[in-house]
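Scroll down for the structure; my scribbles are underneath it.
The values are calculated or read from the model by the stated rules, or taken from the named source; none is laboratory data. Bear in mind the structure is a predicted one, so any value in this text is a computation, not a measurement. Because the Cβ atoms are built from the backbone with ideal geometry, glycine has one as well, and the counts that use them run over all protein chains shown.
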Amino acid sequence: MTNKELFLEAKRAMENAYTPFSHFNVGAALLTEDGKVYTGCNVENSTLGATVCAERTASVKAVSEGSRDFKKIAVVCHAGEVTPCGICRQFLYEFGPSMTVVFGPDEDNLKELNIKELLPLGFRLENDKHTIGE
Ligand code: THU
């Protein structure tokens, strides 16, 4: 699966975005270490605070289907480019401390960053101990 193919999957998922409040449509496609792809879109809510971002939609789908090792996620929005919000960076880091994030304005102009570049000193609890940025 190339970055371009993953990004195109994210674009397809973006079509299902439920955004009556922000009208800001986002799609994500998550590639796990077992070679599976889980897609997601943002799902807003009348309470606003209950809104779920596209990246977390895809992440929860993966984990609930048994894929816990994240390799790469592509993220797209309807206008310009987007990178995961702070909450999503932390959420992704839990299952992919070495994963990368693919983003860009379109499938022919993609960039790729490691999650650690987007979330320096990320927090993790493991075996009753916490790590910072390891
Ligand atoms: N959003 C995402 O889905 N992912 C991001 O990386 C940035 C923000 C959504 C949340 C909300 O539905 C809308 O974009 C505006 O914040």
Exercise for the section: Kindly indicate whether any position in the stretch 19-35 is within 13 Å of the ligand (Cβ to nearest atom) and of a type in the set (Val, Ile, Thr). Expected result: yes
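Can you tell me which residue among THR100, THR19 is within 20 Å of GLY122 (Cα to Cα) and either polar (S, T, N, Q) or out of contact with any Leu (no Cβ under 8 Å at 6 or more places or on another chain) (or both)? Please lay out each step first, then the result.
Working: THR19 fails: within 20 Å of GLY122 (Cα to Cα).
Step by step, each of THR100, THR19 is checked, and only THR100 is within 20 Å of GLY122 (Cα to Cα) and either polar (S, T, N, Q) or out of contact with any Leu (no Cβ under 8 Å at 6 or more places or on another chain) (or both).
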Problem - Enumeration of residues in the stretch 37-52 that are surrounded by 14 or more Cβ atoms within 10 Å (Cβ to Cβ) and either among the β-branched types (Val, Ile, Thr) or away from the ligand (no atom under 12 Å from the Cβ) (or both) - result: VAL37, TYR38, THR39, VAL43, THR51, VAL52
Exercise for the section: Kindly indicate which of GLU81, GLU55 is surrounded by 18 or more Cβ atoms within 10 Å (Cβ to Cβ) and within 11 Å of the ligand (Cβ to nearest atom). Expected result: GLU55
Practice task
With the condition kept exactly as written, say whether any residue in the stretch 14-21 is in a strand (DSSP E or B), crowded, with 21+ Cβ neighbours inside 10 Å and modelled with pLDDT of 95 or more.
Solution key: no
Completion exercise
Note on the stretch 33-66: residues farther than 16 Å from CYS88 by Cβ and either among the β-branched types (Val, Ile, Thr) or part of a helix (DSSP H, G or I) (or both) are VAL37, THR47, SER64
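Quick grid of which residues meet (1) closer than 27 Å to HIS23 by Cβ; (2) outside any loop (DSSP other than H, G, I, E, B); (3) more than 10 Å from the chain's Cα centre (by Cα); (4) of a type in the set (Val, Ile, Thr):
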site: ARG68; (1), (2), (3), (4): no, no, yes, no
site: LYS71; (1), (2), (3), (4): no, yes, yes, no
site: ILE87; (1), (2), (3), (4): yes, yes, yes, yes
site: PRO105; (1), (2), (3), (4): yes, no, yes, no
site: ASN109; (1), (2), (3), (4): yes, no, yes, no
Practice task
Kindly establish whether LYS11 is in a helix (DSSP H, G or I), farther than 17 Å from CYS85 by Cβ and away from the ligand (no atom under 16 Å from the Cβ).
Solution key: no
